[in-house]
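What follows draws every value from the coordinates through simple rules; no lab data is involved. Quantities reported herein were computed from a predicted structural model and do not represent experimental measurements. When we count neighbours, we look across all protein chains shown, and the Cβ atoms used for this are built from the backbone with ideal geometry, even at glycine.
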Amino acid sequence: MAFDPATLIYNEAGLIPAIAQDAESGDVLMMAWMNEKAIIQTLETRRVTYWSRSRQAFWIKGETSGHVQELVDFRVDCDRDCLLLSIRQTGPACHTNRRSCFYTAVRDGAEIEIMAPEAG
């Protein structure tokens, strides 16, 4: 059966959340939004493309930073309203120069930073 991105459940803005996970370590690196065209482009090029809500434009991860995401596997959740992208990440995934956007934890009622920016 061929995959049809039109069968996914998008929000009122035509977007679907996409979680980027490191293909080797399993670490969750980031979450961003995709629309149908970004999904098609990602599947065709194997370079992960998101939709930037702030810029209202396509965002090919790493296009300006060099921190490219190469698609390894593309998964759809059971409700068809969230994506899981298994990727090979070059450099940090987060715009703060950290490996992951999830560098803050809440432990014992306190918010703490658990990951420093990468040297660069």
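List of remarks:
- Interchain or long-range residues, amide H under 5 Å from D81's placed H: I9
- Using a simple spin-label model with pseudo-atoms 7 Å out from Cα toward Cβ, D27 and A105 lie 1.3 nm apart.
- Stretch gain in nm, segment A119-I40, where the contour uses 0.36 nm per residue and the Cα spacing is subtracted: 25.0 nm
- Structural descriptor for the chain: relative contact order 22 percent, calculated from alpha carbon pairs under 8 angstrom and at least 6 residues apart.
- Counting neighbouring Cβ atoms within 10 Å and putting the fewest first, the residues T96, T49, T64 line up as T64, T96, T49.
- The chain: calculated mean residue ellipticity at 222 nm from DSSP helix runs of at least 4, using -39500 (n - 2.57): -2500 deg cm²/dmol
- Binned Cα-Cα distance frequencies in segment 15-113 - 5 Å width, integer %: 3, 13, 23, 25, 18, 10, 5, 2, 0
- Put in line by how crowded their Cβ is, counting other Cβ atoms within 10 Å and starting with the fewest, I39, I19 read I19, I39.
- Residue with peak Gaussian network fluctuation, the chain [Cα springs, cutoff 10 Å], from V28, V106, V48: V106
- FRET efficiency for the N97 to A2 pair, using the beta carbon distance and R₀ = 35 Å, is estimated at 0.35.
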